[in-house]
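What follows is one structure encoded as structure tokens, with my remarks underneath.
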Amino acid sequence: MLIFTLSTLVAFSQQRENEKNEVRVLARPHSTQKIMLRWGATTPMSFRKLAKYGYNLKRYTISISEQTLSKPIEKDLGVFKPAEPQKWIDIIEKNNNAAIMAQSLFGESFNVEGVGPLQGIINMSQEQEQRFTWALYVADQDFEVAKLAGLGFEDLQVKSTEKYVYKVFSLVPKEEMKIKDGGVFVGLQDYQELPKPLDLAAIFDDERVMLNWNYAIHKNEFNSYFIERSEDGKTFNQLNKLPYTTLNSGGRVDTKRIYYTDSIQNNKTYYYRVKGRTPFGELSPPSEVISGKGLKVLPYVPKISSKKVVNNNKSVVLEWEFLEEGLDFITGFELNKSNKANDSYSTVVKDISKNTRKIQYNKLDATNYFTITAIGKEGNSRTSYPVLVQPVDSIPPVKPIGLEGKVDSLGVVTLQWKKNSEPDMLGYRVFKGNNAKEEFSQITVSPHIATTFYDSVSVKSLNNKVYYKIVAVDKRYNMSKYSDVLVLKKPDFIPPAPPVITSYNVEKETVDLTWANSQSNDMAKHEVYRRVRDSIQWNLIATLPKDTLHIEYTNWKDTNVEGSTAYQYLIKAVDESNLSSTNTKHTTIEVPRFNLIKGIKGLNSYVDKTNGFIELFWKTVNKEAIVEIMIYKGKQDEKKSLLKNVLPTTNRIVDEDIKPNNIYNYIFRPVFVDGSLGEIKKIEVKY
């Protein structure tokens, strides 16, 4: 009997000790406007309970004409349990799968006969495990049996414009066992034609052929296969009556391929193809056809016994052995060569006499693998084990040239260089550094064959450049000199560090600023911004290019300032990618008034010796801006003292505190509303 490793519905028989009690559901739309459903339990105990109490199948209409319903439409499709035992009587006489299912469900003891080499495996399991495994196996192999066992259903009342959720609920009382319900989301529009099995291959041998194909690709669609053979390439006959699965592969362990062996006649062409079978009994289109002939195996094999490199490492002399009694079975020999032991070999010398045991080959590469093939008279042949020949080579390739590259905005690096012309080139090694002075590290695991190489760098790191160099490597692993270093600038997304104003000095009509320069190594310039205090707009007033940035501090003078004004200064650093520093801290500097404002004009005097007084008179300028006028008095060459303060509306005073034969000096100084002092006016009066 042929067994599948249980099912594409669920891997019921694998690692069940870790599985929960639940129902799993499989669905497939059909081209005849129906939806086929299969379900099953995940553990032997839950399978027995569900066979007793049954399953409840419900359908929920989720969407109509691609419009999701606010409330799904529920329809109860019924309760499903195995049919009564008497309904199985007529069927089991004609259907072995039905007999196994009935025995699994109703038999007092479970003993499957006729299973051949698998009998021992089945008998090692407990009876409950056997019932569970065989029941689900035959349900997978026979959809009609599955429906009779309450494990399948065909929904004929479906529409192509609707999509459904089918849910299968356990009817086992929860106090006996909690079994999780299962479901599937499907609609008729999900229908797809079955694929054909892929990658069919064949190895033809003496009176037999081994077929193998990739089952892993379609393991969710097919649970078994049928193999077909033809002798004319047109009419195919099915070889296996029962479905063929992975357990029929003769013990071969391969997670992707399944194997089948067929007996054939030698020297006759046979054609093969396979069809996949679904758990719903559908057959797929056939695979591609593969053909070939069985050939009698040549019983004698040549053996290379000697190899000697000659002619200044340009040639090799090979000798081989072959039993004399085998000469009647062959027509001659062929010499084969490859650059890798397990690679495909090409024939480099044909039609070697069957009496020859020695040959010289003159086109050596750096690494050579040779085999000798004995050509059989019946079209068969046998090949020796390979031998390695490596001529001495200590000359390295020339230094690679033309290394260039670029870095895109995502940090992907593309390197290109000119190809070396040496015939024994193996590839290139690529080295990378983040600093021109550090030791470069190799970033290729093995020699890179192409002359284009892709790498990636972080665009958010602080170093803004990356460095590359390469070496050429030949097949004897001789390495060339390093190429010239390639320096690539990374995309710059990190603004430079901001400069910091460290001190300032205000002199007449000049603000002298000093700041610590930005320490970013890709600096291009510094920009000086200024605004009047409390204004919004910053104005760029100076740009200092890169050649002034080699020092730690920069001193710069702003000579375009006005007195009695408060200025705010901001210094920004700009790098080579035109990114500006994000500093917002500014420095406020008060610039005093440079020129005193005039407040008095026309100052003059009148001396009256008869009445003994001096009269001073003047005119006031900007009376609204002046608070008062301070008047100082003193004799010539003596200290002056405050005589009096007068209002800006006053324009004359009389001084009677005088003495004859003296020279008096008067000083007038206006005081403005903002507290500043105006321009001094002096007058000298002789009395």
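The values are calculated or read from the model by the stated rules, or taken from the named source; none is laboratory data. It should be emphasised that the depicted structure is a prediction, and the values quoted were computed from it without experimental measurement. No Cβ is skipped: glycine too gets one built from the backbone with ideal geometry, and neighbour counts run over all protein chains shown.
Structure notes:
- Selection count, the stretch 663-687, where residues are more than 15 Å from SER605 (Cα to Cα), surrounded by 16 or more Cβ atoms within 10 Å (Cβ to Cβ) and aliphatic (A, V, I, L, M): 1
- Residues of the stretch 197-225 satisfying the condition of being of a type in the set (Val, Ile, Thr) and surrounded by fewer than 16 Cβ atoms within 10 Å (Cβ to Cβ): ILE203, ILE217
- Just one residue in the set LYS340, LYS275, LYS354 is among the basic types (Lys, Arg) and more than 47 Å from the chain's Cα centre (by Cα); that residue is LYS354.
- Tally of residues being in a strand (DSSP E or B) and either surrounded by fewer than 14 Cβ atoms within 10 Å (Cβ to Cβ) or not polar (S, T, N, Q) (or both) across the stretch 162-177: 8
- Selection within the stretch 453-476 - assigned to a loop (DSSP other than H, G, I, E, B) and of a type in the set (Gly, Ala, Ser): SER458, SER461
- Scanning the stretch 178-195 turns up one or more residues that are buried (at least 19 other Cβ atoms within 10 Å of the Cβ), in a loop (DSSP other than H, G, I, E, B) and touching a strand residue (DSSP E or B) at 6+ places or on another chain (Cβ under 9 Å).
- Residues that are of a type in the set (A, V, I, L, M, F, W, C), surrounded by fewer than 18 Cβ atoms within 10 Å (Cβ to Cβ) and in a loop (DSSP other than H, G, I, E, B) do not occur anywhere in the stretch 510-528.
- Across the stretch 431-465, the qualifying residues are those that are in contact (Cβ under 8 Å) with a residue 24 or more places away in the chain and small (Gly, Ala, Ser), and the one among them that is surrounded by the most Cβ atoms within 10 Å (Cβ to Cβ) is GLY433.
- Residues in the stretch 639-662 that are exposed (fewer than 12 other Cβ atoms within 10 Å of the Cβ) and either among the β-branched types (Val, Ile, Thr) or at positive phi (or both): THR649, ASN661.
- Residue count, the stretch 663-687 (criterion: on the phi > 0 side of the Ramachandran plot and among the charged types (D, E, K, R)): 0
- Residue satisfying all of: in the stretch 609-632; charged (D, E, K, R) and modelled with pLDDT under 90; surrounded by the most Cβ atoms within 10 Å (Cβ to Cβ) among these: LYS623
- Counting the residues of the stretch 452-509 that are hydroxyl-bearing (Ser, Thr, Tyr) and in contact with a Gly (Cβ under 9 Å, 6 or more places away or on another chain) gives 5.
- Residue among ILE35, ILE62, ILE73 that is more than 26 Å from GLN141 (Cβ to Cβ), outside any loop (DSSP other than H, G, I, E, B), in the same structural domain as GLY150 (by TED's automatic domain parsing) and touching a residue at least 40 places away in the same chain (Cβ under 8 Å): ILE62
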